[in-house]
Structure formats: C-alpha cells, structure tokens
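The values are calculated or read from the model by the stated rules, or taken from the named source; none is laboratory data. Every value quoted in this text rests on a predicted model; they were computed, and no experiment measured them. Every residue, glycine among them, receives a Cβ derived from its backbone with ideal geometry; neighbour counts consider all protein chains shown.
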Amino acid sequence: GRRPEVFYEDWRTGDQRYYVSDFSKFAAAVGWTPRVNVKQGVSNLYNWLLEFRGLAEGSLEAPVMVEAHAS
C-alpha cells in the first residue's frame, strides 16, 4: 500500500479540539451518570441521522462497536 496524503488546516470555529471517552473524573466531580450506554448512544445517533438528516435507508453502513481497552 501507499501512505495517504495528509493535509492539516487551521482550526475552524466549532472544531472539536479534544475528544475524551473517559468521563470518570467529570462524573466524580459533579455526580453525573449517562442515561444510555455507548452502544445505545451510537444506535440512537444512527437512527437520528436516518430520520432527520434525510439519509435513505442503507446509505450509511451499520455502526460497528469497537471495545476500547485501558492502557
């Protein structure tokens, strides 16, 4: 295979600078707990995209769950 060409641009307003999946410190600080688990959340998002973003059934691949392991 070949290495893909990668281009970096300046940050735009609204770009997500950080993504954190481990919310344990936040939960401990404020007592928050999620209402749905990750699998249900991804399923909810997928269904929302189909319904509200005008995407035809089958135009998105079904989400695949990948288990993250703590390092």
| query | Quick one: what pairs do we get from segment 36-53, first residue closer than 19 Å to F23 by Cα, second assigned to a helix (DSSP H, G or I) and not β-branched (V, I, T), C-beta under 7 Å, 6+ apart or different chains? | reply | V36/N44
| field | Residue tally, condition surrounded by 10 or more Cβ atoms within 10 Å (Cβ to Cβ) and outside any loop (DSSP other than H, G, I, E, B), over segment 13-53 | value | 15
| query | Here are L60, L55: which of them is at pLDDT below 70 and touching a Phe, Trp or Tyr at 6+ places or on another chain (Cβ under 7 Å)? | reply | L60
